[in-house]
Amino acid sequence: MTNTGERSTSERIIENLNRALHALLDGDDRVFFLGEDVLDPYGGAFKAARGLSTKYPDRVLTTPISELGFVGVANGLSLAGQRPIVEIMFGDFIFLAFDQIINFAAKSVSMYGRRVPHHLLIRCPVGGHRGYGATHSQSVQKHFLGVPDLDLFELSPLHDNTALLPRILARDHPGILFESKVLYAQPQLGEGAIDDLFTCEFLDEERMTAHVFVDRDPQAILIASGGSFPACWQAARQLLLEHEIEVQIVVPFQLYPFEVQSLAPLLSTAPALYVVEEGTAGGTWGAEVAAVVAEAWPHRAPVRLIHSADSIIPSARHLERDVLVQPENIVKRVSTDLHAIHPRSHHQ
Amino acid sequence: MIPPANLSHPVSSANASACPSRETLELLLLIRHFEETLLRLFQSGKIHGTTHTCLGQEYIPVAVMPLLRDDDFVFSNHRGHGHYLARFRDPEGLLAEIMGREGGTCDGVGGSQHLRRDRYISTGVQGESLPVAVGAALQLRRKKRGGLAVPFIGDGTWGQGAVYEALNMAALWNAPVVVIVENNGIAQTTVRSANMAGNIEGRARAFGVEYLRCTGHEAEALQARLAPELDRVRQSGAPLVVEFETRRLAAHSKGDDTRTPEEVAALRAIDWGADYQARWPEIFAEVDARMRDRMAAIVEEVESRALSSWSNR
Ligand SMILES: Cc1ncc(C[n+]2csc(CCOP(=O)(O)OP(=O)(O)O)c2C)c(N)n1
């Protein structure tokens, strides 16, 4: 695995993530990596850890099937001044470690009366589309919203993990990086043209909030979780080409706390605002974003939520498809809403 | 009073030489062909999702399931096709489930690792079922009809704290749980020496839970050895851990095998299938061909079915 710090044009997202992990372990001997089946040659169920155990054998621990236990061990390493990274094999199993994440990692930052740094990054592959069934497909993000001192992030094709992961781990409190499993094999993108229509720029200096657009006057903005970006992108192309509706997409790397300031210039122009995520209905990330936007711009039209159905994730492909958000759901929702607001002739 | 058995003596079927009944051989080879068929269907892209085959371990459910009654609870895991087939002899329902076709056990919602039928339930979360088995067992005990709760787990699942919490409660409360451990020496890619300190016997005994080790792969001999032990649990309620030493012949799921071809070949050389074939070639060949044909016919029939619908949400 190369570790040159350069982005090769054909890099896949899993390779970018792997490169980021290599750089972290390489640059700082306080960084540990723990998880199930993470040793070479396997390198973890999704191969994010490839090469790590060969290069850093004393700081890469392959664990027993003990999620509560090894997140606790990571907490102990952190308590002892180290900077552990933990891999949860499938996001659904992060629930086994809930106590260590909420009651220890997050709370111990402030519950002893004065702030105590707690460096910890938990990587958590999530999401469906692979037919693995209910215990291996959930988008678990919403269950971690609203915890003091627990930051939530999401992998996307647009964000450079080699730049962002070190910053997460440098924060004085724990974070979880959710990673949509279907992204791993896709090409790593970034600033500039991402296809014949859309361009990506970042709205902030830290390059945390990506903005994907055609030109500057959209009829709608989709705020997309990283994992739902590919569906939003496909929907945005279709909306433009088939419905003449220009939609821009904003992809925040940080899901929670949701930073609204960098969006201010956009929100004043776009009439319609949607939040798109793969998580299922009820207590969603989108609801949190909507609340933050409503607080900041009380007179804006309400934010609309696009998410998966109120359901477990079924196994069979055709049943799973019906539950999870698809590009056509986004196209249909946005085109129906906007045609109702502005009849089509208005745009011609 | 039933005299306590000398449980520390390992049970082995190695010396038994009786030819298995046709019925036993049929079930063993049905499971084998079912699993091999699944791997082929995956390779040809006809199945989507994941699967964990029990190739090499088929004889364990074949030994255990006939000892269970309809009112016993069975808790299966990710590697559960053999458990299901030995309990229900329903390859059509299971294949339809995995292929998302009409007539699947759970309408295609559950898939390979999430099956439920009568008192049989499986899940893909390791170790989760053990405390649940204790609860089910407590109610069985209250009913005083000798029912059992029987979870199947692998050696790797002993990493989960829930396993120990469950053993403790089962022993404290005399819950008739029989934990069947399929110790194939590997968990996904992690070999036992990398994830287990001590051993399963010591862990069970630490809670005062009875323990029985089973080696060998003759389903009927193992069944005969287990029968009185299960009866004892039915009467006393005292939980039992049964550890089978076994081997996983195929990849963890579809293609993710980190073992060398030599290691796998060594396991195949001591496989029950190879052994049975050498010892009882005629009946083996006859039943093997029949089960192969049967599976081929089942695939054809199930493939022609419509996609499942999820009506009972
Ligand atoms: C709580 C939990 N963590 C991780 C996994 C992923 N996983 C599935 S099977 C498996 C290995 C299980 O090993 P073992 O219990 O020995 O059973 P075997 O696969 O050998 O039959 C792992 C790690 C899981 N299903 N559940």
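The values are calculated or read from the model by the stated rules, or taken from the named source; none is laboratory data. Computed from a prediction, not measured in an experiment: that's the story for all the values here. Reconstructed Cβ throughout: ideal geometry from the backbone, glycine too, with neighbour counts over all protein chains shown. To get the accessible areas, we keep the full protein, side chains included, count just its heavy atoms, and leave off ligands, DNA and RNA. Shrake-Rupley method; radii C 1.70, N 1.55, O 1.52, S 1.80 Å.
General observations
- Pairs meeting the criteria (first residue in segment A:55-67 and within 12 Å of chain B (Cβ to nearest Cβ), second residue in a loop (DSSP other than H, G, I, E, B) and open to solvent by 20 Å² or more (accessible area, probe 1.4 Å), beta carbons under 6 Å, at least 6 apart or on different chains) are A:T62/A:L39; A:I65/B:Q126.
- Residue within segment A:41-54 that is within 17 Å of A:A105 (Cβ to Cβ) and in contact with a helix residue (DSSP H, G or I) (Cβ under 7 Å, 6 or more places away or on another chain) present: no
- Of everything in segment A:24-43 that is within 18 Å of B:R192 (Cα to Cα) and part of a strand (DSSP E or B), the residue that is nearest to the ligand (Cβ to nearest atom) is A:G35.
Listed here are the residues, each with its yes/no results for (1) closer than 14 Å to B:Y59 by Cβ; (2) crowded, with 16+ Cβ neighbours inside 10 Å.
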{"position": "B:Y211", "(1), (2)": "no, yes"}
{"position": "B:T215", "(1), (2)": "yes, no"}
{"position": "B:L222", "(1), (2)": "yes, yes"}
{"position": "B:R234", "(1), (2)": "no, yes"}
{"position": "B:V241", "(1), (2)": "no, yes"}
{"position": "B:D256", "(1), (2)": "no, no"}
{"position": "B:A269", "(1), (2)": "no, no"}
{"position": "B:G273", "(1), (2)": "yes, yes"}
{"position": "B:A278", "(1), (2)": "no, no"}
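- If you filter segment B:82-140 down to residues that are among the hydroxyl-bearing types (S, T, Y) and within 19 Å of B:R305 (Cβ to Cβ), you find that the one that is nearest to the ligand (Cβ to nearest atom) is B:S112.
- Any hit, segment B:125-134, residues being open to solvent by 10 Å² or more (accessible area, probe 1.4 Å), hydroxyl-bearing (S, T, Y) and at pLDDT below 95: no
- Within segment A:56-78, the residues that satisfy the criterion of being assigned to a helix (DSSP H, G or I) and open to solvent by 30 Å² or more (accessible area, probe 1.4 Å) are A:L68, A:G69, A:V73, A:G76, A:L77.
- Among the residues of segment B:170-181, the ones that are more than 15 Å from B:L230 (Cα to Cα) and open to solvent by 10 Å² or more (accessible area, probe 1.4 Å) come to 3 in all.
- Every listed requirement among (1) part of a helix (DSSP H, G or I); (2) closer than 21 Å to B:G208 by Cα is met by B:Q139 save one, (2).
- Residue match in segment A:44-55 (condition: more than 16 Å from the ligand (Cβ to nearest atom), in contact with a strand residue (DSSP E or B) (Cβ under 8 Å, 6 or more places away or on another chain) and in a loop (DSSP other than H, G, I, E, B)): no
- For segment A:94-150, filtering for residues that are surrounded by fewer than 17 Cβ atoms within 10 Å (Cβ to Cβ), over 20 Å from the mean Cα position of the chain (by Cα) and touching a residue at least 40 places away in the same chain (Cβ under 8 Å) leaves 3.
- Taken together, the criteria place B:L167 among residues that are touching a helix residue (DSSP H, G or I) at 6+ places or on another chain (Cβ under 8 Å), more than 30 Å from A:P41 (Cβ to Cβ) and either polar (S, T, N, Q) or open to solvent by less than 40 Å² (accessible area, probe 1.4 Å) (or both).
- With respect to (1) away from every other protein chain (no Cβ under 14 Å); (2) touching an Asp or Glu at 6+ places or on another chain (Cβ under 8 Å), the lone exception for B:S311 is condition (1).
- Residue within segment A:310-323 that is of a type in the set (A, V, I, L, M) and either closer than 25 Å to A:L241 by Cα or surrounded by fewer than 17 Cβ atoms within 10 Å (Cβ to Cβ) (or both) present: no
- Of all residues in segment A:88-101 being in contact with a Phe, Trp or Tyr (Cβ under 8 Å, 6 or more places away or on another chain) and under 30 Å from B:K46 (Cα atoms), the one that is nearest to the ligand (Cβ to nearest atom): A:F90
- Given (1) more than 23 Å from the chain's Cα centre (by Cα); (2) under 30 Å from B:F207 (Cα atoms); (3) small (G, A, S), number of the condition B:A285 does not satisfy: (2)
- Unmet requirement for A:I85, which otherwise passes all of (1) closer than 18 Å to A:L121 by Cβ; (2) within 16 Å of the ligand (Cβ to nearest atom); (3) crowded, with 22+ Cβ neighbours inside 10 Å: (2)
- Matching helices (runs of 4 or more DSSP H) fully within segment B:59-127 where at least 3 residues are within 26 Å of B:G156 (Cβ to Cβ) and within 14 Å of chain A (Cβ to nearest Cβ): B:91-99
- Scanning segment A:266-296 for residues that are crowded, with 16+ Cβ neighbours inside 10 Å and either not in a strand (DSSP E or B) or not assigned by TED's automatic domain parsing to the domain that holds A:A235 (or both) yields A:L266, A:L267, A:A270, A:T284, A:W285, A:G286, A:A287, A:E288, A:V289, A:A290, A:V292, A:V293.
- Test: residue in segment A:99-108 that is in a helix (DSSP H, G or I), aliphatic (A, V, I, L, M) and within 14 Å of another protein chain (Cβ to nearest Cβ): no
- Segment B:290-303 - residue that is free of Cβ contacts under 8 Å to residues at least 12 places away in the same chain and open to solvent by 90 Å² or more (accessible area, probe 1.4 Å) and, of those, farthest from the other protein chains (Cβ to nearest Cβ): B:D293
- Restricted to segment A:102-159, and to residues there that are of a type in the set (A, V, I, L, M) and within 16 Å of the ligand (Cβ to nearest atom), the residue that is farthest from A:V86 (Cα to Cα) is A:A134.
- Tally, over segment A:183-240, of residues that are assigned to a helix (DSSP H, G or I), more than 25 Å from A:Q138 (Cα to Cα) and open to solvent by 60 Å² or more (accessible area, probe 1.4 Å): 1
- When the criteria are applied in full, B:A86 fails the requirement of being open to solvent by less than 10 Å² (accessible area, probe 1.4 Å) and farther than 26 Å from B:A187 by Cα.
- Put simply, of A:H299, A:H346 the only residue that is open to solvent by 60 Å² or more (accessible area, probe 1.4 Å) and either at pLDDT 95 or above or not in a loop (DSSP other than H, G, I, E, B) (or both) is A:H346.
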